[in-house]
Amino acid sequence: MVTIGQPGDPTNDATLPWPADRPRIDAGMVTIDGISSEDGGNCTDVNYDPLVLPSGIEPSDDPLLSARSAAYARSFTLRANEAKQKPPSAVTPKDVKAGGKS
Amino acid sequence: MTAPHDRFAVLSRLLHWVMAVLILAMLFIGVGMVASESPRYDLLVSIHRPIGIVLLVLVAIRLVNRLVNPPPPLPTTLPPLMRLAALASHILLYALMFALPLVGWGMLSAAGYPIVLYEGLQLPPILPRDLMLYAILRHLHTWLAYLLFATFLAHLGAALFHFLIRRDGVFESMASWRRS
């Protein structure tokens with residue numbers, strides 16, 4: 001869902017809701033069509049930094065973006081540091097298909 | 001009494017002082033940004049990268065300049081141990097001035113981050129994407145920065161020692177702006 005704001009809508013305080021009459025656009029749907037373990041998955045070694053943006057997209061003045069970026073950078077470094085020591089994932093795709101670990 | 005002592009070339013002095021300001025600023029920007037999660041974090045990170053690359057370019061120019069305009073000789077009154085300390089600390093300073101921006105550039109490459117200098121201006125990665133390599137370089141960046149800060153303090157201390165105690169003209173060879 002994408003909510004279209006208007007000038008004056010607060011963007012620097014996530015605790016302030018926008019007026020309920022702002023137009024909302026259903027921009028797509030996430031479909032889960034497969035499962036994989038984090039061990040072989042392709043999203044483990046990525047830092048989802050909200051300030052690393054493709055050109056054409058600018059960050060807002062939301063202070064949470066900077067806070068998340070700073071905290072993610074630190075946790076990403078800690079995670080990278082332990083990449084070799086990490087035990088295999090406790091939950092495998094097989095477990096999920098079987099309806100969870102017994 | 002101040003012995004007559006040649007000064008550094010104008011370009012050498014200019015490079016020294018511009019880089020001194022930038023390096024000191026970078027040490028504090030670096031410490032400030034890793035300690036902050038305020039909106040300043042984004043600002044500090046986005047100026048840390050381009051200044052780092054500017055410093056890398058400047059130190060390359062400086063090394064060439066040093067060969068073209070060699071520094072004035074140290075006073076003959078300087079004891080051999082101090083001569084050795086001066087040589088070693090300058091080699092260390094140059095090595096760190098090259099290493100810090102390169103390690104910074106390398107660690108961003110290894111993490112797979114885009115290396116954005118300015119809106120639309122991006123540098124290519126210089127290392128393959130490798131998480132363990134990133135972790136090593138990220139820590140190396142911090143430790144080399146602390147080492148640079150310590151070396152800077154030693155350099156400042158030595159400069160003041162020449163200026164206030166030995167009074168041998170070494171300080172003035174870099175810090176004097178009088179017309180020659």
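A compact table of results
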| item | result |
| --- | --- |
| Nearest-ten-degree value, helix B:80-111 long axis tilted from longest Cα axis of chain B | 10 degrees |
| Rounded to 10°, Cα long-axis angle of helix A:63-81 versus longest principal axis of chain A | 10 degrees |
| Under 5 Å, built H, 5+ apart or other chain: amide partners of B:I115 | B:L123 |
| Accessible surface of B:R62 - all protein chains present, 1.4 Å probe, nearest 10 Å² | 30 Å² |
| Heavy-atom SASA rank of B:R40, A:R22 (probe 1.4 Å, accessible area, largest first) | B:R40, A:R22 |
| Efficiency of FRET between A:T92 and A:D26 - r from beta-carbon atoms, R0 41 angstrom, step 0.05 | 0.75 |
| Relative contact order [Cα under 8 Å, 6+ residues apart], the range B:23-180, whole percent | 20 percent |
| Sequence of B:R66, B:R178 from largest to smallest accessible area, 1.4 Å probe | B:R178, B:R66 |
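The values are calculated or read from the model by the stated rules, or taken from the named source; none is laboratory data. All values derive from a computational prediction rather than experimental measurement. Cβ sites come from the backbone with ideal geometry, for glycine too, and all protein chains shown count toward neighbours. Please note that ligands, DNA and RNA were not included when accessible areas were found on the heavy atoms of the full protein model with its side chains. Shrake-Rupley method; radii C 1.70, N 1.55, O 1.52, S 1.80 Å.
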